[in-house]
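Below: the structure, in structure tokens.
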Amino acid sequence: MAKSRFEYVRSYELPDPLMPGTFIVVRIDGRGFHKFSDAHSFSKPNDRRALDLMDMAAKTVMDEYKDVIMAFGESDEYSFLLKKNTKLYNRRRSKIASSIVSLFTSAYVFNWSRYLPNEPLRYSPSFDSRVVLYPSAKEVRDYFAWRQADTHINNLYNTVFWALVQSGQSTAEANKALQGTDSKDKNELLFSKFDINYNNLPAMYRKGSTCVRKPYPSTSTSSIAPEPSNIPSSTSSHNSPLVETPTRAADIEVTNSTTNTIAAK
Ligand code: ATP
Ligand code: ATP
Ligand code: MG
Ligand code: MG
Ligand code: MG
Ligand code: MG
């Protein structure tokens, strides 16, 4: 069949392949979630329902894209690690970035009413997406350690900040009180003023959520994906996310283990 005279515009679509043999990380982040969390009355500093919804959306992505070998989430962001030799969309950057963030967003909206049943969705949330390549397991490990350190720094700050605000300070006063404080000061302030031992706060808030695929069980008993109310929060020692393990669709586990347990391979 003859090509139309318009066909030439296709040549403007340039290829955008990602370098072969590198780990692909896709990080998505909620757009304007400071405002979005206010508009939907998220409890501060951490709304557990909203975090569970993020985990659910991440699991949907892992169910659909088997080459995602692990994911890490905190606040309004999630990072997805693809296996080094993935052939997903012939490693086309924009296809990978856009497909993952699109599925994540639709799963977030699709599951909203299940996780926040009393909070009508007032407008359409959106997430941005970026792709970063890492040459070896060392950088991948440091990447997740970096995100987890960010979780800790933000959560410690936010915990003290909201404790001060909830005790009657204005947000400006709370900000000022925290200026120039280090983490030891913040821990002490929390303990002396509010009787909060930071280390006893839920691991999910302090360390974020890590999703890994469960290895095939050795018996024939099939395991079922946890329901939102009973997502395990315990540390799991068998996770070796960089080792490619065959998995089943539902066998994705959310933990709050530290990234130190990642096995390099
Ligand atoms: P940008 O569009 O640049 O990403 P943003 O407003 O989304 O801007 P972030 O730096 O991404 O800013 O921070 C996300 C904000 O969303 C947090 O600071 C927090 O206020 C809020 N937030 C996200 N998830 C939760 C949650 N589960 N509970 C309470 N607040 C949350
Ligand atoms: P890919 O994931 O590669 O895009 P695809 O199945 O989405 O695969 P497309 O070439 O994008 O394939 O074509 C979309 C298909 O979706 C159409 O061929 C048609 O069958 C169906 N479709 C989309 N919109 C409509 C519609 N409004 N009414 C009926 N069919 C539709
Ligand atoms: Mg952003
Ligand atoms: Mg954001
Ligand atoms: Mg963010
Ligand atoms: Mg299509």
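Each reported figure results from applying straightforward, stated rules to the coordinates on display, with no laboratory input. On a predicted model such as this, the values are computed, not experimentally measured, just so you know. Every residue, glycine as well, gets a Cβ built from its backbone with ideal geometry; the counts of neighbours run over all protein chains shown.
Note on ASN197 and LEU14: with the Förster distance fixed at 51 Å, the Cβ-Cβ geometry gives a FRET efficiency of about 0.40. A cut-off under 12 angstrom between Cβ atoms defines the neighbours of ARG92, and their net charge, with Lys, Arg +1 and Asp, Glu -1, is +2. Within a Cβ distance under 12 Å of ASP76, other residues only, what is the Lys/Arg minus Asp/Glu net charge? Value of the local net charge: -2. In this structure, ASP150 and PHE6 have a Cβ-Cβ separation that, at R0 = 51 Å, corresponds to a calculated FRET efficiency of about 0.60. Computed from label points 7 Å out along Cα-Cβ, the spacing between ASN118 and SER41 is 0.7 nm.
Here the spin labels are modelled as points 7 Å beyond Cα on the Cα-Cβ line, and at SER170 and SER102 they lie 4.7 nm apart. Roughly how far apart, in whole Å, are the Cα centres of the range 19-73 and the range 91-167? Cα centroid of the range 19-73 versus Cα centroid of the range 91-167: 4 Å apart.
Divide the volume of the convex hull around the Cα atoms of the range 36-176 by the residue count and you get 123 Å³ per residue. Shown is the FRET efficiency for TRP162 and GLU188, computed with R0 = 25 Å from the Cβ-Cβ distance and rounded to the nearest 0.05: 0.90. Count Lys and Arg as plus one, Asp and Glu as minus one, and take only other residues whose Cβ is under 11 Å from that of VAL25; the net charge is then +2.
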